[in-house]
Amino acid sequence: MLRSRSIFLAFVLALGPVAAPTAGAIIPGSISTEGTYQRVGPPDFSVGTGGSVEEIAGFVKPSGALASSQLGAGPLPSGLSLSFASILSGDGTDLVLRYDFSNLGPGALGGIGFVSFLDAEIDEPTFFNEYAETQGALAPGQGFEVDEPGFVFGDIYANALAGTLDGTNAVPLSDPEDVSLALSFSVGPLAPGQVARFEFMISEDGDSIGAFRLVQRDIDPGSTTVITFSGAASVVPEPGTAALVMAGVVVLAGASRRRQ
Ligand SMILES: [Ca+2]
Ligand SMILES: [Ca+2]
Ligand SMILES: [Ca+2]
């Protein structure tokens with residue numbers, strides 16, 4: 001979050017146009033083991049023919065915590081562990097970011113909230129002529145925000161850090177700017193050993209998970225890149241619990257057969 005527009009434009013003018021990324025599909029840059037990404041130097045995380053990712057950030061907040069913990073910027077909240085995976089679809093057009101938080105503590109957690117922040121650009125260097133649309137209905141416990149990423153006027157990054165997205169689109173078609181997107185989910189309770197799974201899809205061909213999605217476009221009619229951002233969250237039973245449930249089903253099925 002150190003970019004300033006004047007410095008960036010001076011950088012672009014000094015170096016000239018950056019080579020266009022390979023057409024089509026998604027070529028992920030080096031996403032950290034915490035599921036974060038920050039571009040340094042020329043774009044190396046391409047989305048479709050003209051899209052690129054500037055930043056991916058994540059913020060986790062157990063219920064009762066005073067503030068969120070930003071992934072990669074400090075320790076996780078005590079009692080939580082994170083397992084991150086990025087999964088690219090076979091045709092390379094959809095990238096899923098999967099964050100699994102396990103409750104390592106001795107007691108149940110009332111709930112856990114997570115915010116995923118995505119700052120992407122379409123057809124650089126014009127990262128400020130874009131807009132976003134919201135489509136579909138929010139799931140229970142889901143929130144969203146579209147805003148300028150905070151270099152000029154947007155409050156989205158501050159809201160993500162606080163764990164409370166404002167549920168508004170501040171960069172609609174009528175008011176194009178630098179678009180950034182955020183989705184949030186709250187799930188729970190989380191028994192000891194259970195896992196809260198938060199998944200986010202970045203798609204360059206319009207695919208999504210869940211009923212709600214954010215769609216980023218460029219106002220330039222010659223621009224064909226569209227970035228779709230969506231997500232879902234669930235509580236995943238620990239493997240031992242799932243095995244016990246299956247064993248119970250087998251025992252009950254056996255009892256039922258004996259009664260007949
Ligand atoms: Ca643009
Ligand atoms: Ca806002
Ligand atoms: Ca952007």
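In table form, for the structure just shown:
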quantity	calculated
Distance in nm between pseudo-label sites at Val236 and Leu173 (7 Å out along the Cβ direction from Cα)	3.9 nm
For peptides 186-192, 196-202, sequence by mean Cβ density within 10 Å, most packed first	196-202, 186-192
Lys/Arg +1, Asp/Glu -1 at C-beta; segment 37-259 dipole; positive extreme among Asn169, Pro149, Ser89	Ser89
Packing-based ranking, highest mean first, of 53-63, 74-84, 175-185, 128-138 given that Cβ atoms within 10 Å are counted	175-185, 53-63, 128-138, 74-84
Table column - 3J(HN,Hα) (Hz), segment 135-147, Karplus curve with 6.51, -1.76, 1.60, x for Gly and Pro	9, x, 9, 5, 7, x, x, 9, x, 8, 7, 10, 6
Value of Rg/Rh across segment 37-259 [Cα atoms, Kirkwood radius]	1.05
Computed label-point distance, nm, for sites Leu88 and Asp155 using a 7 Å Cα→Cβ extension	3.9 nm
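No value in this document is a laboratory result; all are computed from the given coordinates. Quantities reported herein were computed from a predicted structural model and do not represent experimental measurements. Every residue, glycine as well, gets a Cβ built from its backbone with ideal geometry; the counts of neighbours run over all protein chains shown.
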